[in-house]
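These notes are about the structure you will find just below.
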């Protein structure tokens, strides 16, 4: 369990450490309470190497596919550049992958919620005051997808994230 926690923490470090690497080909070692982490960047792909395993994160200006995300992308929505990517990790307890992205649309919140309700069933949580709805789907024994729709006052934000593998 400790190893899985460390791998999940590494995924959390992905976003914060990616800025340390910058553009180009680079390698840097960072000391953490869990040991040293080597961060290597090669043309947009960042790899974190630890004693517990490796995590590779690929940031892209292009959205992950519906197949990678595990849920439909709202028709005619626009991908928020730099908001998405995929990550793979491997370690002694197994492998896992993540994919996530944000999309926006000028369609109404109700239209977007209706689309996802038709596609995925009723949301797990819907807060009509905050105008936010969330679906959580078990695609199989090793894959969970979350879809969140939020009214951001003038546009609707759609977040789709997938976590799969042996954690």
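Values quoted throughout were computed directly from the atomic coordinates according to the rules given, and no laboratory measurement underlies them. Source: prediction; values computed, not measured. Glycine also receives a Cβ, built like all others from the backbone with ideal geometry; neighbour counts cover every protein chain displayed.
Observations, loosely collected:
- Listing 118, 95 from fewest to most neighbouring C-beta atoms within 10 Å gives 118, 95.
- Kirkwood hydrodynamic radius (C-alpha pairs) into Stokes-Einstein, region 61-167, 4 °C and 1.567 mPa s, D in µm²/s: 91 µm²/s
- Once you reduce region 78-121 and region 126-167 to the center of their Cα atoms, the two points are 7 Å from each other.
- For region 61-167, relative contact order (Cα pairs under 8 Å, six or more residues apart, normalised by length) works out to 29 percent.
- Computed from the Kirkwood radius of its Cα pairs, the Stokes-Einstein diffusion coefficient for region 102-165 at 4 °C and 1.567 mPa s stands at 108 µm²/s.
- For region 94-137: relative contact order, % (alpha-carbon pairs under 8 angstrom, 6 or more apart): 25 percent
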